[in-house]
1. Taking the criterion of being in contact with a strand residue (DSSP E or B) (Cβ under 6 Å, 6 or more places away or on another chain) and either at the interface with chain B (Cβ under 8 Å from one of its Cβ atoms) or surrounded by 13 or more Cβ atoms within 10 Å (Cβ to Cβ) (or both), would at least one residue in region A:9-16 satisfy it?
2. With respect to the numbered conditions (1) surrounded by 13 or more Cβ atoms within 10 Å (Cβ to Cβ); (2) more than 14 Å from every other protein chain (Cβ to nearest Cβ), which one is the sole condition not fulfilled by residue A:36?
3. Please find, among A:42, A:68, the residue that is touching a strand residue (DSSP E or B) at 6+ places or on another chain (Cβ under 6 Å), modelled with pLDDT under 95 and more than 7 Å from chain B (Cβ to nearest Cβ).
4. In this structure, does residue B:96 turn out to be free of Cβ contacts under 8 Å to residues at least 60 places away in the same chain, away from chain A (no Cβ under 14 Å), farther than 30 Å from residue A:39 by Cα and outside any loop (DSSP other than H, G, I, E, B)?
5. Residue under question is residue B:85, and the condition is that it be assigned to a helix (DSSP H, G or I), surrounded by 15 or more Cβ atoms within 10 Å (Cβ to Cβ) and in contact (Cβ under 8 Å) with a residue 40 or more places away in the chain; does it hold?
6. Considering (1) within 30 Å of residue A:45 (Cα to Cα); (2) away from chain A (no Cβ under 14 Å); (3) over 17 Å from the mean Cα position of the chain (by Cα), say which one residue B:102 fails and leave the rest.
7. In region B:1-39, what count of residues is obtained for those that are outside any helix (DSSP H, G or I) and surrounded by fewer than 17 Cβ atoms within 10 Å (Cβ to Cβ)?
C-alpha cells in the first residue's frame with residue numbers, strides 16, 4: 001500500500017528519546033487523539049502546519065528535525 | 001479506533017440497514033399494488049427516523065462495549081469528514097437533478113420521492129465508506 005504523503009517524520013524515535021513518551025501523552029499535549037498520532041507516525045496523515053509546530057514544540061526542536069520532505073520533483 | 005471512526009461505522013450500518021428495511025417493505029407492496037397507489041410516505045419517514053434513533057443507540061452501545069480514549073473529534077477527524085462529504089456530494093446532486101427532471105416530466109410522486117431518498121442514502125453510505133477508507137488508508 002502506498003503512503004498518501006511523502007512527508008516522513010521522526011516522532012517515534014523522538015518519543016523514545018524523551019523517556020519513552022507514549023502516543024497518548026503526546027496526543028494529550030497537543031490536543032489530538034491517540035489515533036491521529038499513530039496515523040502521523042505511520043505516514044497515513046500529514047498534519048496541519050499548526051499541529052506540526054505543536055509537535056516540534058513538545059520536543060523542543062526545530063520543525064525540520066521532526067518532519068522531513070525528500071529532495072527531488074514533487075508529485 | 002477513534003470515537004469518530006466508530007461513529008462513522010455505526011452511521012454506515014444504520015443508514016444502509018434502514019434503507020434495506022424500507023426497500024423490503026416497499027417491494028413487498030409493489031408486488032400486489034400498482035406503483036402509483038403504493039403507500040410509501042409513512043414507511044419512508046419511519047425508516048428515516050428509525051435510522052437516526054438506531055444511530056444514537058448504536059453509538060452508545062459501541063462506546064459501552066469499547067470505550068474511546070476521548071469523545072472529542074480532532075483536526076484529522078474534521079479533515080476526514082470534509083473529504084468524505086466532498087467526494088460523496090455527487091450522489092445528492094444526482095438525486096436532486098433526477099428528481100427535477102422527473103418532476104418536469106410529470107412522473108408519479110412515488111418515483112420522485114424515492115429517487116430523492118435514494119440520493120440521500122447513497123450520499124450517506126458512500127460518504128461513510130469513503131471516510132472509513134480515509135481513516136484506514138490515510139488522507
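The values are calculated or read from the model by the stated rules, or taken from the named source; none is laboratory data. All figures in this text were calculated on a predicted structure; none of them were measured in a lab. Cβ: placed from backbone, ideal geometry, glycine included. Neighbour counts: every protein chain shown.
1. Filtering region A:9-16 down to residues in contact with a strand residue (DSSP E or B) (Cβ under 6 Å, 6 or more places away or on another chain) leaves A:9.
In the following step, the residues that additionally are either at the interface with chain B (Cβ under 8 Å from one of its Cβ atoms) or surrounded by 13 or more Cβ atoms within 10 Å (Cβ to Cβ) (or both) were identified as A:9.
For region A:9-16, residues in contact with a strand residue (DSSP E or B) (Cβ under 6 Å, 6 or more places away or on another chain) and either at the interface with chain B (Cβ under 8 Å from one of its Cβ atoms) or surrounded by 13 or more Cβ atoms within 10 Å (Cβ to Cβ) (or both): present.
2. (2)
3. Values: A:42 fails: touching a strand residue (DSSP E or B) at 6+ places or on another chain (Cβ under 6 Å).
Among A:42, A:68, only A:68 is touching a strand residue (DSSP E or B) at 6+ places or on another chain (Cβ under 6 Å), modelled with pLDDT under 95 and more than 7 Å from chain B (Cβ to nearest Cβ).
4. Numbers: free of Cβ contacts under 8 Å to residues at least 60 places away in the same chain: yes; away from chain A (no Cβ under 14 Å): yes; farther than 30 Å from residue A:39 by Cα: yes; outside any loop (DSSP other than H, G, I, E, B): yes.
In short, yes.
5. The answer is no for residue B:85.
6. Of the numbered conditions (1) within 30 Å of residue A:45 (Cα to Cα); (2) away from chain A (no Cβ under 14 Å); (3) over 17 Å from the mean Cα position of the chain (by Cα), the odd one out for residue B:102 is (1).
7. Here is the first cut: in region B:1-39, the ones outside any helix (DSSP H, G or I) are B:1-2, B:31-34, B:38-39.
The next check asks that each one be surrounded by fewer than 17 Cβ atoms within 10 Å (Cβ to Cβ); those that pass are B:1, B:31-34, B:39.
Looking only at that region, the number is 6.
Yes/no matrix, rows are residues, columns are (1) touching a residue at least 40 places away in the same chain (Cβ under 8 Å); (2) out of contact with any strand residue (DSSP E or B) (no Cβ under 6 Å at 6 or more places or on another chain); (3) closer than 30 Å to residue A:6 by Cα; (4) assigned to a helix (DSSP H, G or I):
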site: B:54; (1), (2), (3), (4): yes, yes, no, yes
site: B:57; (1), (2), (3), (4): no, yes, no, yes
site: B:61; (1), (2), (3), (4): no, yes, no, yes
site: B:70; (1), (2), (3), (4): yes, yes, yes, no
site: B:79; (1), (2), (3), (4): yes, yes, yes, yes
site: B:113; (1), (2), (3), (4): yes, yes, no, yes
site: B:121; (1), (2), (3), (4): yes, yes, no, yes
site: B:133; (1), (2), (3), (4): no, yes, yes, yes
